[in-house]
Amino acid sequence: MDAGLAAVLGATVGALGTGATGLAAALLSRNTARHQVKAESMRALRDSRRATYLAFAETHERYLDLLSTTLLPLGRVERFPDQREEWIEKAHKRWNQALKYRQNEVQKIRVVLALDATRPVADAALEVTERFILLSGATRRAIEALKGQALDGGPITPPRPGYIELLAEYGLDPEAPDLDALQDRAQDAYKAFLRTAADAVGEDGLLPSG
């Protein structure tokens with residue numbers, strides 16, 4: 001091979017090598033950019049869900065506190081017969097506060113969570129909803145029995161299955177359910193939600209302990 005042909009072949013191979021290297025670099029850069037975009041999207045989704053789960057937990061913790069403060073005066077009705085009517089009215093007032101909170105803050109965050117939750121978290125949230133509504137419904141009925149009149153429960157759809165069926169499933173008397181037992185079940189469901197939500201975003205201790 002003469003020197004001229006060798007020089008041409010060398011230049012051609014060099015050019016091809018440079019082109020291949022440039023193409024590999026471009027592909028690598030594109031893949032890196034795609035990975036970064038995907039990672040950012042996943043991080044944004046996780047942060048959005050984290051905020052939603054935290055808001056749901058904080059709202060329902062407040063709701064449970066309101067329901068729990070309703071049980072305190074109810075427990076004193078029989079212990080302090082001279083103040084019976086006063087304790088009944090206090091229980092009624094606190095239950096009304098819990099009901100209004102449920103109709104506003106609780107219902108709003110439930111809608112948001114339904115749009116943003118993974119399936120395990122959505123299932124855990126539904127369990128919280130059912131048990132909290134059971135506690136609220138049983139508390140209302142206890143107050144109604146003491147007052148001798150029906151209370152306005154608000155336009156809240158009952159859990160499915162219905163109130164009576166769920167109480168029977170839990171082994172509780174539908175006519176006079178154990179409010180303390182229902183409160184314990186509500187707290188257990190709330191704690192289970194905290195664990196499920198924390199697992200879903202991969203951050204132990206993310207949410208407040210119940």
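Ordering A44, V77, T59 by the projection of their Cα atoms onto the charge dipole of the stretch 41-86, which places +1 on the Cβ of Lys and Arg and -1 on the Cβ of Asp and Glu, puts A44 at the extreme positive end. If you take the beta carbon distance between A122 and A168 as r and set R0 to 22 Å, what does 1/(1 + (r/R0)^6) give as a FRET efficiency, to the nearest 0.05? Calculated value: 0.30. In the complete set of protein chains, residue-level accessible area for E85 is approximately 110 Å², probe 1.4 angstrom. One chain, two ends: T32 and L115. Fully extended at 0.36 nm per residue, the span grows by 26.8 nm beyond their Cα-Cα distance.
Which residues in the stretch 164-186 have a backbone N closer than 19 Å to a point placed 7 Å from the Cα of E78 along the Cα-to-Cβ line? Counting only backbone N, you get 172-184. The loop-placed trypsin sites (Lys or Arg not before Pro) in the stretch 51-100, going by DSSP, that have at most 13 neighbouring Cβ atoms within 10 Å of their Cβ come out as R79. Of the whole protein surface, S48 contributes about 50 Å² of accessible area at a 1.4 Å probe radius.
The values are calculated or read from the model by the stated rules, or taken from the named source; none is laboratory data. Values in this document were obtained by computation on a predicted structure and should not be read as measured data. Reconstructed Cβ throughout: ideal geometry from the backbone, glycine too, with neighbour counts over all protein chains shown. Just so you know, the surface numbers come from the protein's heavy atoms only, side chains and all, with ligands and any DNA or RNA stripped out. Shrake-Rupley method; radii C 1.70, N 1.55, O 1.52, S 1.80 Å.
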